[in-house]
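All of the numbers you see were taken from the coordinates with simple rules; none came from a lab. Quick caveat, the model's predicted, so the values are computed rather than measured. FYI the Cβ positions are ideal-geometry reconstructions off the backbone, even for glycines, and counts take in every protein chain you see.
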Amino acid sequence: MNSGDYTYIWQANDWLSWRYDLAALAGPMADVSRALGLLLGRLADVGMARRDRASLGALTADVVKTSEIEGEQLDVESVRSSIARRLGVDIGAPAPVDRHVEGMVEMVLDATADCHAPVSRVRLFGWHAALFPAGCSGLFKMKVGCSPGPSL
């Protein structure tokens, strides 16, 4: 169940009742908030085109790294093309994009753009359906966009 030295949250027996120590996170969260303020201040001075390129680069990296967590290797140019199209950023000749890349991009953009929205069953199952649009994982058929049983 472990990947290297790490245990994923969903691998813990009590993952549905996951808790965190807000006091331990307060310092690092304050550091991130300050860094974000500095970044936003600098981005305000660079113009719209550079801001769009910076957003495109950050979101591309976010999607690629998110997929790497589960051992997926997405084509960076396909991810970049998908995000650029959705943001309306011209990147010249776009790379071809498959449904898997589209689903991952759709999920990450929804999670980041609407980060304050609750992660409801409908939203979570929507992400699941976006990631597995054909209802399969490789050669294996799976239930997509619905609860696997009473544990959820």
Among the GluC sites (Glu not before Pro) in the stretch 67-133, which ones are in a DSSP loop with at most 11 other Cβ atoms within 10 Å of the Cβ? Mind listing them? Glu70
Go ahead and set up a Gaussian network model of the chain, Cα springs under 10 Å, then flag whichever of Ala44, Ala130, Ala54 fluctuates most. Ala44
Put +1 on the Cβ of each Lys and Arg and -1 on the Cβ of each Asp and Glu in the stretch 36-152; which of Thr60, Ala129, Gly41 then has its Cα farthest toward the positive end of the dipole? Ala129
Return the loop-located chymotrypsin sites (Phe, Trp or Tyr not before Pro) in the stretch 13-107 (DSSP other than H, G, I, E, B) with at most 15 other Cβ atoms within 10 Å of their own Cβ; answer none if there are none. Trp18, Tyr20
Taking the Cα centre of the stretch 20-117 as origin, work out the dipole magnitude from +1 charges on Lys and Arg Cβ and -1 charges on Asp and Glu Cβ, in debye rounded to 20. 500 debye
